Ligand code: HAM
């Protein structure tokens, strides 16, 4: 319990995103919305709270997420609830609950939002983190897999990211995987004793998870285990070959990684990850894959699906490090006024700019020009308008471009047009009604 008056800090592994950081988050979201819309994806918003059984059944009871990382609690009526650790299960639940499948065709959905996993916090790993995700429900066509990856690559390119690696694999279907699991179990029997304690447990509970192990000493042994790619049934093999040739056709480079099984149990066939060199230990920028049986597992009709989730925290970190994205100045105009007679015209001008959708700030207090310019700099204003008594008398305001230092005298109408032009917005033709 905290003592009275003691400062109460944020919860470990959670963080505040302060106004200095949020413009980049918004910019990334804006770009994602544009790219998703271009591919005809529509937004879905599902609750953060779900019944615990939803994740147990889909993500899997033997996964790290479900066994160790979920924020689960008994509600007052004893129902077991969980703060969502991921959103694919929620999207499929919503798809079933609202009978979206009755509309027929393919559903392309995207989401943004916080997820919760009780992991050990470090750079790029938080207990409350954010995902930008997309899911396609209603088709198992390999071209969809390639289209989803194409969309992802376009988004990352728009964000100026380079040096990314697309890793891809197929984990087969329930039929070929059960055959493969027999072989894997058998192979593990011989080497199990040499593996870490977690892997010894996984060898019994969920042998596929052994392939995910990151313990250095285990790697040479795991490398020699049978590969799932060598044990795909003819249908899954053909599906995978089609996905890779569709990627080749689109000029998308990839690396086939037979150990890429991912940490969630619902995957079938295609699985993928994109890693970024800029991220260090937590280098998975995003992960995804197919989950053709998930709808049935959750009590719905057959509805093949594929999707991905980008770790937004990691995406923002990578974008920041690459410094390829230019952000707009936080403030378009600072209105600096001097002398009592200038206060009212300055207020009117700020009001006009704001009504035109141009961000503007104006002081309530009279002050010297030097101090006003200091504030304009601190606010990182793109322009400053200077209004003194002389400007009031002539109706000609001084407009200063804070980037180039260029200054010119303009009247109020020219001023709005000139600022709009510089900000790259359409300029209203003279004579059109203004919002004033
Ligand atoms: P996931 O691989 O568990 O997949 O998570 C996707 C991404 O979320 C990761 O690649 C990583 O960037 C980010 N992430 C995961 N945990 C954390 C954390 N503790 N802190 C910061 N970032 C994290 C899924 O969640 C699947 N639902 C993806 C999917 C969608 N598959 C099909 N559709």
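The values are calculated or read from the model by the stated rules, or taken from the named source; none is laboratory data. Quick caveat: nothing in here was measured; it's all calculated off a predicted structure. Don't worry about glycine lacking a Cβ; one is built from the backbone with ideal geometry, like all the others, and counts go over all protein chains shown.
Summary of computed values
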read-out	value
Residues being closer than 20 Å to residue 55 by Cβ, away from the ligand (no atom under 16 Å from the Cβ) and crowded, with 17+ Cβ neighbours inside 10 Å - total across segment 97-127	0
Residue 271 vs. criteria within 18 Å of residue 211 (Cα to Cα) and touching a strand residue (DSSP E or B) at 6+ places or on another chain (Cβ under 9 Å)	yes
Options 82, 63, 52, 67: the member that is within 16 Å of the ligand (Cβ to nearest atom) and surrounded by fewer than 20 Cβ atoms within 10 Å (Cβ to Cβ)	67
Pairs, first farther than 12 Å from residue 268 by Cβ in segment 283-295, second within 8 Å of the ligand (Cβ to nearest atom) and part of a loop (DSSP other than H, G, I, E, B), C-beta under 8 Å, six or more apart	287/262
Residue within segment 291-298 that is touching a helix residue (DSSP H, G or I) at 6+ places or on another chain (Cβ under 8 Å), part of a loop (DSSP other than H, G, I, E, B) and more than 12 Å from the ligand (Cβ to nearest atom) present	yes
Helices (runs of 4 or more DSSP H) lying entirely in segment 344-436 (those with 3 or more residues that are modelled with pLDDT under 95 and closer than 26 Å to residue 327 by Cα)	412-422
Any chance residue 86 is modelled with pLDDT under 95 and out of contact with any helix residue (DSSP H, G or I) (no Cβ under 6 Å at 6 or more places or on another chain)	no
Any hit, segment 19-28, residues being in contact (Cβ under 8 Å) with a residue 12 or more places away in the chain, touching a strand residue (DSSP E or B) at 6+ places or on another chain (Cβ under 9 Å) and within 17 Å of residue 327 (Cβ to Cβ)	yes
Test result for residue 175, closer than 30 Å to residue 234 by Cα, in contact with a strand residue (DSSP E or B) (Cβ under 7 Å, 6 or more places away or on another chain) and surrounded by fewer than 20 Cβ atoms within 10 Å (Cβ to Cβ)	no
Residues that are touching a helix residue (DSSP H, G or I) at 6+ places or on another chain (Cβ under 8 Å) and farther than 14 Å from residue 180 by Cα, drawn from segment 229-246	239, 240, 242, 243, 246
Residue match in segment 249-259 (condition: within 12 Å of the ligand (Cβ to nearest atom) and either at pLDDT 95 or above or over 28 Å from residue 313 (Cα atoms) (or both))	no
Segment 263-290 - residue that is at pLDDT 95 or above and more than 16 Å from residue 136 (Cβ to Cβ) and, of those, farthest from the ligand (Cβ to nearest atom)	274
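Listed here are the residues, each with its yes/no results for (1) more than 15 Å from residue 330 (Cα to Cα); (2) out of contact with any strand residue (DSSP E or B) (no Cβ under 9 Å at 6 or more places or on another chain).
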site: 372; (1), (2): yes, no
site: 378; (1), (2): no, yes
site: 384; (1), (2): no, no
site: 394; (1), (2): yes, no
site: 398; (1), (2): yes, no
site: 401; (1), (2): no, no
site: 410; (1), (2): yes, no
